[in-house]
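The block underneath contains the structure these notes are about, expressed in structure tokens.
The values are calculated or read from the model by the stated rules, or taken from the named source; none is laboratory data. Bear in mind the structure is a predicted one, so any value in this text is a computation, not a measurement. Cβ coordinates were reconstructed from backbone atoms using ideal geometry, including for glycine residues, and neighbour counts include every protein chain displayed.
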Ligand SMILES: [Fe+2]
């Protein structure tokens, strides 16, 4: 199923997400309810409702990423506009951004909120979230370009990322965009194990990783777009 009339759907998702549902769904008992959540999703009468439910579930589970998906959508849109994506491509890109960490709903909550750095085993578990997310979205028949963006948003331009160690342009465009915007928002947000850094410092860090972690052209587009809008 594809999202028809993306702009209206996106607005409705943003409104419902911000105003209604995110505080209503699941709290600490979440893990035991994952299966019933997924069962309920199959009865949702629209794709928008499914997405809102998924988003709310992720952020109820991981309070430190509250608002993260929305920020990643915002920064992704800046990059998308700078590289000349069409209006419908921008909508699709934002859906991918909203959903990029959806796989975290199946990860143990204790790992998501752990206040210290993860050990190797924990890190391996967390790194499963792109594959889990892409499987969930495939089951919901979300369009492939979104599923692929979710699956590959932790690939690195130099081929050392996960899950597939894709290299440079092997990585789907939307996944390369998400990699930049996701990292930028992570750097500029407080996390359990470190404090946020300011935007200018985050831009320097992103630029230093251009050509290693990130597509250099997308970094250029992002820095240009961000400076025009924020400085
Ligand atoms: Fe992620």
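Quick check on segment 87-109. Is at least one of its residues more than 25 Å from residue 63 (Cβ to Cβ), loosely packed, with under 15 Cβ neighbours inside 10 Å and in contact with a helix residue (DSSP H, G or I) (Cβ under 8 Å, 6 or more places away or on another chain)?
The answer is yes; a qualifying residue exists.
Can you pull out every residue in segment 119-160 that is in a loop (DSSP other than H, G, I, E, B) and under 23 Å from residue 214 (Cα atoms)?
Residues satisfying the conditions are 127, 128, 152, 153, 154, 155, 156, 157, 158, 159, 160.
Counting just the residues of segment 141-164 that are free of Cβ contacts under 8 Å to residues at least 60 places away in the same chain and surrounded by fewer than 15 Cβ atoms within 10 Å (Cβ to Cβ), which one comes out farthest from residue 184 (Cα to Cα)?
The selected residue is 144.
Determine the pairs where a residue that is free of Cβ contacts under 8 Å to residues at least 24 places away in the same chain, located within segment 191-208, has a partner that is outside any helix (DSSP H, G or I) with Cβ atoms under 6 Å apart, the partner being 6 or more residues away or on another chain.
Sorted first by the residue in segment 191-208, then by its partner, the pairs are 196/188; 196/189; 196/190; 202/188.
Of all residues being under 22 Å from residue 147 (Cβ atoms) and part of a loop (DSSP other than H, G, I, E, B) in segment 95-118, which is modelled with the lowest pLDDT? Just the residue, please.
This residue is 107.
Report whether or not residue 70 is at pLDDT 95 or above and within 30 Å of residue 224 (Cβ to Cβ).
no
Does residue 92 count as in contact (Cβ under 8 Å) with a residue 60 or more places away in the chain and either within 11 Å of the ligand (Cβ to nearest atom) or outside any helix (DSSP H, G or I) (or both)?
Judged against the criteria, residue 92 is not a match.
Tell me, yes or no, whether segment 132-140 has at least one residue that is within 16 Å of the ligand (Cβ to nearest atom), exposed (fewer than 15 other Cβ atoms within 10 Å of the Cβ) and in contact (Cβ under 8 Å) with a residue 60 or more places away in the chain.
no
Take segment 205-228 and flag every residue that is farther than 18 Å from residue 156 by Cα and over 20 Å from the mean Cα position of the chain (by Cα).
Passing the criteria: 224, 227, 228.
Please verify whether segment 111-122 includes one or more residues that are away from the ligand (no atom under 15 Å from the Cβ), over 13 Å from the mean Cα position of the chain (by Cα) and on the phi > 0 side of the Ramachandran plot.
Within segment 111-122, not a single residue is away from the ligand (no atom under 15 Å from the Cβ), over 13 Å from the mean Cα position of the chain (by Cα) and on the phi > 0 side of the Ramachandran plot.
Regarding residue 174, is this residue surrounded by 18 or more Cβ atoms within 10 Å (Cβ to Cβ), within 16 Å of the ligand (Cβ to nearest atom) and modelled with pLDDT of 95 or more?
Judged against the criteria, residue 174 is a match.
Let me spell it out: the conditions are (1) part of a helix (DSSP H, G or I); (2) modelled with pLDDT under 75, and residue 81 meets all of them except one. Which number is the exception?
(2)
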